[in-house]
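A.B. asks: Once you've had a glance at the structure underneath, I'll fire off some questions.
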Amino acid sequence: MKYRWFWGIVLIIVMVARVQAQINVPSDGSDGALNVNSSTMINLGNATTAAWNTPGNGNGVYDPNKWAVVFKYSSVNINGNLRFLNHPSGAPVVWLVQGDVMITTGNNLYLLETAPDVLDSFSFVKPGPGGFRGGRPRTNIVSPGGSAGLGPGGGAYPSELGGNAGYAAQGIGTGGGTAYGNPQIVPLIGGSGGAGSNSNPGVIGGAGGGAILIVASGRIVVNGTINADAQGYSSSWGGGGSGGSVRLIADRLEGTGIISANGGFNRSFGNYGSLGRIRIEVNHATYTGSVSGSLATAPPGNPPLIWPPANAPSVQITQIAEQNVPTDPSARYDQPDMTAATSGQTTVRINAQNVPGNWTVQLRIVRFAGNDFTINATRISGDDTSSVWEASLVLPPGMLTLQVRAFAP
């Protein structure tokens, strides 16, 4: 399948005329009307943990099985800048809106948690909700101490001035992260992080852009900006993060604003992390603003597809060194998900659903300080519907992040 790429151009979306109809949105409006009239930060950590269709109380619902913070609004009006403070799980944002979504001129919906120069206490750059951290910097000349970017398309370390992250395409340059995801943006996922520099102390990797799905029964009007750009625009950045995801579903899309999911800029090399993904599913579009990202358009389903179908492929790490892994890991360095005492070869067990035997199930290990690496797992039992895979490797000492993905040949 070929993709059309758009980079900061003025775009007119023309779709086949259809009979106007309200979109069937599974929203009871229990989170009320969202009215933003000044600079506002929504703390996703205040969401109630429950099934996504549980009534909200204004703070949304975090469903660990869907890995999403879901808000069921009656309407949305953004007349000020809006950002999100990440949920501890790092989950993306879903808005299910009974009425219209309005973003007025000069105002912005940001899919970045904070300003792009803010680090957490472990020197990782904070991503947007649904995105992934950029890599740590090299600390000094004697002891490199840097790290790769996190996420499915994280930039590799070491790679001189930092590997750029992949998403809709592979990250540009040496150490560029792999492409992942799909034009449908199902499941909803954000951008990956660029790697820290191996050459210059203090040069950090940019974080990935966040991810949002907005489903509105009426109109989505964008006269301001929906910004899911990655980080990496300062001279102090290493590898650029990859852009995030914006998926819009409505009867109508209107406005003259900006919808953006750019990759972060690696100033040292003059190149970028990958573009993120943008998908627009509407019956009627008179939007004449700019779209910057890997764009796909389609008419909406009714009801629209929000979650992956039951037969969608999935993989999950379930055991490390015969210890059970939490079912909803957060990959937080201040609160590690588990501690494993290992020596020699360690077995990592992975459960897979709807993954054919000829696919590759790949484990990636990102060290807190040092090289990242990958190893392929082997299917040891089961069939193409449900199976168990294992990878055997020597885990380096210290804090590690393990991530797994499956892909077709």
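Derivation of every value follows stated rules applied to the coordinates shown; laboratory data play no part. Please read these numbers as outputs of a predicted model, since none were measured by experiment. Cβ sites come from the backbone with ideal geometry, for glycine too, and all protein chains shown count toward neighbours.
A.B. asks: Got a sec? How would 225, 256, 385 order by Cβ neighbour count within 10 Å, fewest to most?
C.D. replies: Taking fewest neighbouring Cβ atoms as first place, the list is 385, 256, 225.
A.B. asks: Shifting gears a bit: Sorted by average packing, counted as other Cβ atoms within 10 angstrom per residue and highest first, what order do 55-65, 96-106, 305-315, 272-282 take?
C.D. replies: The packing order, highest mean first, is 272-282, 96-106, 55-65, 305-315.
A.B. asks: Answer with one residue from 356, 336, 203: the one whose Cα lies farthest towards the positive end of the charge dipole of the chain, charges on Cβ with Lys, Arg +1 and Asp, Glu -1.
C.D. replies: It is 203, whose Cα lies furthest towards the positive end.
A.B. asks: In Å and on Cα atoms, what radius of gyration and Dmax does region 246-344 show?
C.D. replies: Cα only, region 246-344: 20.6, 61 Å (Rg, Dmax).
A.B. asks: I would also like to ask the following. FRET efficiency for residue 319 and residue 174, Cβ-Cβ distance as r, R0 = 56 Å, nearest 0.05?
C.D. replies: That pair, residue 319 with residue 174, gives E of 0.95.
A.B. asks: What is the packing order of peptides 67-76, 364-373, taking the mean over residues of other C-beta atoms within 10 Å and listing the highest first?
C.D. replies: Final packing ranking: 67-76, 364-373.
A.B. asks: At q = 0.09, 0.11, 0.14, 0.15 Å⁻¹, what log₁₀ I(q)/I(0) does the chain have when each alpha carbon counts as one equal point scatterer in the Debye sum?
C.D. replies: -0.51, -0.77, -1.23, -1.38
A.B. asks: Once you put a point 7 Å from the Cα of residue 40 and another 7 Å from the Cα of residue 399, both along the Cβ direction, what distance in nm separates them?
C.D. replies: So the label points at residue 40 and residue 399 sit 3.4 nm apart.
A.B. asks: Right, something else. Give me the percent relative contact order of region 314-407, please, defined on Cα pairs under 8 angstrom at least 6 residues apart.
C.D. replies: The normalised contact order for region 314-407 reaches 33 percent.
A.B. asks: To continue, here is another question. Got a sec to turn the phi values of region 321-338 into Karplus ³J(HN,Hα) couplings, 6.51 cos²θ - 1.76 cosθ + 1.60 with θ = phi - 60°, whole Hz, x for Gly and Pro?
C.D. replies: Each residue of region 321-338 in turn: 6, 6, 9, 6, 8, x, 6, 10, x, 10, 6, 9, 6, 6, 9, x, 5, 6 Hz.
A.B. asks: Extension gain residue 311-residue 330, at 0.36 nm per residue separation less the Cα-Cα distance, in nm?
C.D. replies: Contour length minus the Cα-Cα distance gives 4.3 nm.
A.B. asks: Which one, 304, 128, 176, is farthest towards the positive end of the dipole of the chain when Lys and Arg carry +1 and Asp and Glu -1 on their Cβ?
C.D. replies: Checked the options; the winner is 176.
A.B. asks: Okay, moving on. Provide, for q = 0.13, 0.21 Å⁻¹, the log10 of I(q)/I(0) from a solvent-free Debye sum over equal Cα point scatterers in region 314-407.
C.D. replies: Debye intensities relative to I(0), on a log10 scale: -0.42, -1.07.
A.B. asks: Taking the Cα centre of the chain as origin, work out the dipole magnitude from +1 charges on Lys and Arg Cβ and -1 charges on Asp and Glu Cβ, in debye rounded to 20.
C.D. replies: Around 580 debye, computed over the chain.
A.B. asks: Further question on the same structure: Based on Cβ point charges of +1 for Lys and Arg and -1 for Asp and Glu, what charge dipole magnitude is obtained for region 314-407 about its Cα centre, in debye rounded to the nearest 20?
C.D. replies: Its charge dipole is roughly 200 debye.
A.B. asks: Sticking with this one: Around residue 186, what is the net charge, scoring Lys/Arg as +1 and Asp/Glu as -1 over all other residues with Cβ under 10 Å from its Cβ?
C.D. replies: Combined, the nearby Lys, Arg, Asp and Glu give +2.
A.B. asks: Taking the Cβ of each residue in 30, 38 as the centre, tally the other Cβ atoms inside 10 Å and list the residues starting with the fewest.
C.D. replies: Fewest-to-most Cβ neighbours within 10 Å comes out as 38, 30.
A.B. asks: Could I ask something else about it? If packing is taken as the mean number of other Cβ atoms within 10 Å per residue, what is the order of 79-88, 397-406, highest first?
C.D. replies: 79-88, 397-406
A.B. asks: Full-extension gain between residue 74 and residue 28, please, as 0.36 nm times their residue separation minus the C-alpha to C-alpha distance.
C.D. replies: Additional length available on full extension: 15.8 nm.
A.B. asks: Karplus couplings for region 38-55 from phi (6.51 cos²θ - 1.76 cosθ + 1.60, θ = phi - 60°), rounded to Hz, Gly and Pro as x?
C.D. replies: Calculated HN-Hα couplings, in order: 7, 4, 9, 10, 8, 8, 5, x, 7, 5, 6, 7, 5, 4, 4, 8, 5, x Hz.
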